[in-house]
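Enquirer: The structure is given below, and queries will be raised subsequently.
Just so you know, all these numbers are worked out from the coordinates, no wet-lab data involved. Note that the structure is predicted; figures quoted are calculated from it, not measured. Glycine gets a Cβ as well: all are built from the backbone with ideal geometry, and neighbour counts include every protein chain shown.
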Amino acid sequence: MILSMMLSLAAEAAPQPLHLCAPPADPIEDQELLARYSMTPQEEYSRYFDDLNAYLLCLQKSQADIIEQGRFWHDRYIELFGEG
């Protein structure tokens, strides 16, 4: 009984933690708040698009890294247990 419970738990996918890439904060459009930070709307939108680009690059790198890691462990599995 306990063994079958452990095996069923082991077969479930691990929960996915929050990704380490942080999405950009939306652009600030409040004129008073922008004035408080001495920023123009154009500067704030530039900040947003710079942050968005950094976020997308982070996601691409993370995807490439996890694919590489998966290939490594797939190759290791084949090495240990064969194709079948």
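Enquirer: Between TYR77 and ALA35, 0.36 nm times their residue separation minus their Cα-Cα distance comes to what?
Expert: 9.3 nm
Enquirer: What is the order of ASP75, ASP51, fewest Cβ neighbours within 10 Å to most?
Expert: So the ranking, lowest neighbour count to highest, is ASP75, ASP51.
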